[in-house]
Amino acid sequence: MKIYVGNLPWRMTSADLEELFAQFGEVRSANVVMDRETGRSRGFGFVEMNDDGARSAIEELNETEVHSRRIRVSQARERSRDRRPYR
């Protein structure tokens, strides 16, 4: 299952994200999304893990405080193809 993690602290890395979610099961991947131009975090990321671990992580971590920020954790939704049309 793919998990969306929002409102991440700016200093959080992909390794930190993986460590946070590893307590709930095997993490297949953890990625903090970075801005292409500045190289800085965009404040959100994605984690992939098995369904049981993912459900537990969502339930336990949603609205918890990490480095003074209340993170949002939910099942990721598929991105709409119509979202960013070329002009």
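So here's what we get for this one:
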{"quantity": "Condition met for ARG70 (open to solvent by 60 Å² or more (accessible area, probe 1.4 Å) and touching a residue at least 60 places away in the same chain (Cβ under 8 Å))", "calculated": "yes"}
{"quantity": "Filter result for ARG55 (open to solvent by 100 Å² or more (accessible area, probe 1.4 Å) and under 11 Å from the mean Cα position of the chain (by Cα))", "calculated": "no"}
{"quantity": "Scan of the range 1-19 for residues that are without any contact (Cβ under 8 Å) to a residue 40 or more places away in the chain and among the hydrophobic types (A, V, I, L, M, F, W, C), ordered by number", "calculated": "TRP10, ALA15, LEU17"}
{"quantity": "Test: residue in the range 40-52 that is touching an Asp or Glu at 6+ places or on another chain (Cβ under 9 Å) and without any contact (Cβ under 8 Å) to a residue 24 or more places away in the chain", "calculated": "yes"}
{"quantity": "Members of the range 1-40 found to be modelled with pLDDT under 95 and either surrounded by 17 or more Cβ atoms within 10 Å (Cβ to Cβ) or under 16 Å from GLN75 (Cβ atoms) (or both), listed by number", "calculated": "none"}
{"quantity": "Members of the range 20-39 found to be without any contact (Cβ under 8 Å) to a residue 12 or more places away in the chain and among the hydrophobic types (A, V, I, L, M, F, W, C), listed by number", "calculated": "ALA22, MET34"}
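The values are calculated or read from the model by the stated rules, or taken from the named source; none is laboratory data. These numbers come from a predicted model, not from an experiment. Virtual Cβ from ideal backbone geometry, glycine too; neighbours counted across all protein chains shown. To get the accessible areas, we keep the full protein, side chains included, count just its heavy atoms, and leave off ligands, DNA and RNA. Shrake-Rupley method; radii C 1.70, N 1.55, O 1.52, S 1.80 Å.
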